[in-house]
Structure formats: structure tokens, C-alpha cells
1. Compute, for the chain, the length of the dipole vector about the Cα centre, with Cβ point charges of +1 (Lys, Arg) and -1 (Asp, Glu) only. Units Debye, rounded to 20.
2. Among THR132, GLY153, PRO106, whose Cα sits farthest toward the positive end of the charge dipole of segment 59-159 (+1 at Cβ of Lys/Arg, -1 at Cβ of Asp/Glu, about the Cα centre)?
3. Using only Cα atoms, locate the centre of segment 109-166 and the centre of segment 71-98, then give the distance between them in Å, rounded to an integer.
4. Magnitude of the Cβ-charge dipole of segment 1-97, K/R +1 and D/E -1, about the Cα centre, nearest 20 debye?
5. Which listed residue (PHE91, PRO43, ALA57) has the Cα farthest towards the positive end of the charge dipole for the chain, taking +1 on Lys and Arg C-beta and -1 on Asp and Glu C-beta about the Cα centre?
6. So for the pair MET146, GLU32, with labels modelled 7 Å out along Cα→Cβ, what separation do we get in nm?
7. Per residue, what volume in Å³ does the convex hull of the Cα atoms of the chain enclose?
8. For the chain, what does the helix formula give at 222 nm: sum of -39500 (n - 2.57) over DSSP H segments with n ≥ 4, over the residue count, nearest 500 deg cm²/dmol?
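Values in this text are rule-based calculations from the coordinates and carry no lab data. Just so it is clear, the structure is predicted and the values come from calculations on it, not from any experiment. All Cβ positions, glycine included, derive from the backbone under ideal geometry; neighbour counts span all protein chains shown.
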Amino acid sequence: MTMRGKAHTFGAHIDTDQIIPAQYLVTTDPVELGKHCMENTDPEFVSRVEQGDIVVADINFGCGSSREHAPVSMRGVGISCVIAKSFARIFFRNSINLGLPVLECPEAVNAIKAGDELDVDLEKGIIRNLTTEETFTAKPFEPFMMEILEAGGLVAYTKNKLAAAG
């Protein structure tokens, strides 16, 4: 599974309120949530994002509450994956469960600039910066987690498993 898109960079400790402000938690619709993704942090973010783009952030991305709306809003706006130096544990797991790939790679984060074109191979953990021709290695996903991501999240994965068994 590979992703290709333009980098959108953010700093440290971006919490779930910054990813999706609380006033929009009245819906679970990904497209509606996506319209407000990062609006308090970067009001122009939604207008710059194209389908498949990639968020790159510093440490502790997704800290704060355990709201699942945060990764849903990122998928809703078209983000294909997030690369960060580190993630809040619950955001990391919510993202996988909702089909949003998240990779930890401090070296890549230090080198990637906003607007760089990236190519990410999740199975190998390879992050290529096509703009600078640099390559970075993150820990690849375990096969089980790849199956969840390829299915589009844990619910779809479980439905697929149940249908195959029954």
C-alpha cells in the first residue's frame, strides 16, 4: 500500500481540539468533519489539501482527548497518512482502527518541508521525499495492521472476516 501526496507540516503537541474543534463533534460524517479539519491551527489548510496529501508533524501528534473524530476529519479532507516524530497513543490506535495510516519517523519529519512531494510505502516503511530525493525508513506495519488499513479500518476488517467465515 503506497501513498503519494504533498506535505503539510505542523509543530509539536497538536491536540485533537486543534485537529477538529469541539463544536463540530455533532456529526460523524467524514466529509463534513473534513471541512473543519485544522481550522483553528491553519485556517487555510482545507483549501490547500488535495486528495492523498500527507500531514507531517513534530512530537505528540493527536494528544488530548480520545475523540475518534480527529482521524475521521483527516480522512474526510483527503489526508492519506500522517508522519510524525511521535503520536499520542490513543490517537495512534484510533487512526489505525479508522483506516488512517500513521508512521513515526523523526528523521523524515526533520527533513521534510511544507509542499514537498512524498511517496510512502507502508509495507516497507519507506518514505521518499521526491522533491529532495531523500529516503527515510520508518517501522513498517505488522501484517495484521496492514490488513486493517487495507480494509479501511477495524470495522470493515471485522465485517470482511465474518463474511469470509460464514
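1. 420
2. The residue sitting farthest along the positive end of the dipole is GLY153.
3. Measuring centre to centre over Cα atoms gives 11 Å.
4. 360
5. PHE91
6. 3.7
7. Taking the convex hull of the Cα positions in the chain, it is 102 Å³ per residue.
8. My calculation for the chain gives -9000 deg cm²/dmol from helical runs alone.
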